[in-house]
Amino acid sequence: MREFEDESGSVWLASVRERAGDNYKGRFGFQVSERDGHRGEGFSVEEVRWNSPSTAQRSLSTMAEKELRRLLRIARGRRGL
């Protein structure tokens, strides 16, 4: 899990969410949620997926904040927010 701020200063949490099932390819996906939980469960970006939790965590820990904000904008845009 990783915290970052959006353009307005709100704090968000980027994390990895595991998808259930027998298919392990792309089983771990990018999830973002507001730290204080105002928007419920959060948002996913389905195009950002990993095959293992260790790869997912390494990617999150090295991802630039600019990229995290870009993924947040994509996720919120799809929800119409």
Which order do the peptides 58-64, 28-34 come out in when sorted by mean C-beta neighbours inside 10 angstrom, highest first? 28-34, 58-64
For the chain, the longest principal axis of the Cα atoms and the Cα long axis of helix 65-79 enclose an angle in degrees, to the nearest 10, of 90
Helix 53-62: angle to the longest alpha-carbon principal axis of the chain, degrees 0 to 90, nearest 10? 30
If the label point sits 7 Å along Cα→Cβ of Asp6, residues of the stretch 47-81 with amide N under 18 Å come out as 65-81
Convert each backbone phi in the stretch 4-17 into a coupling constant with the Karplus relation 6.51 cos²θ - 1.76 cosθ + 1.60 (shift: θ = phi - 60°), then list the ³J(HN,Hα) values in order as whole Hz, x for Gly and Pro. 7, 9, 7, 5, 8, x, 6, 9, 10, 10, 9, 8, 10, 10
Using r as the Cβ-Cβ distance of Asn23 and Arg58, and R0 as 22 Å, what FRET efficiency do you calculate, to the nearest 0.05? 0.50
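Values quoted throughout were computed directly from the atomic coordinates according to the rules given, and no laboratory measurement underlies them. What you are looking at is a predicted structure, and each value in this text was computed from that prediction instead of being measured. Here Cβ is always computed from backbone atoms with ideal geometry, including for glycine, and neighbour counts include all displayed protein chains.
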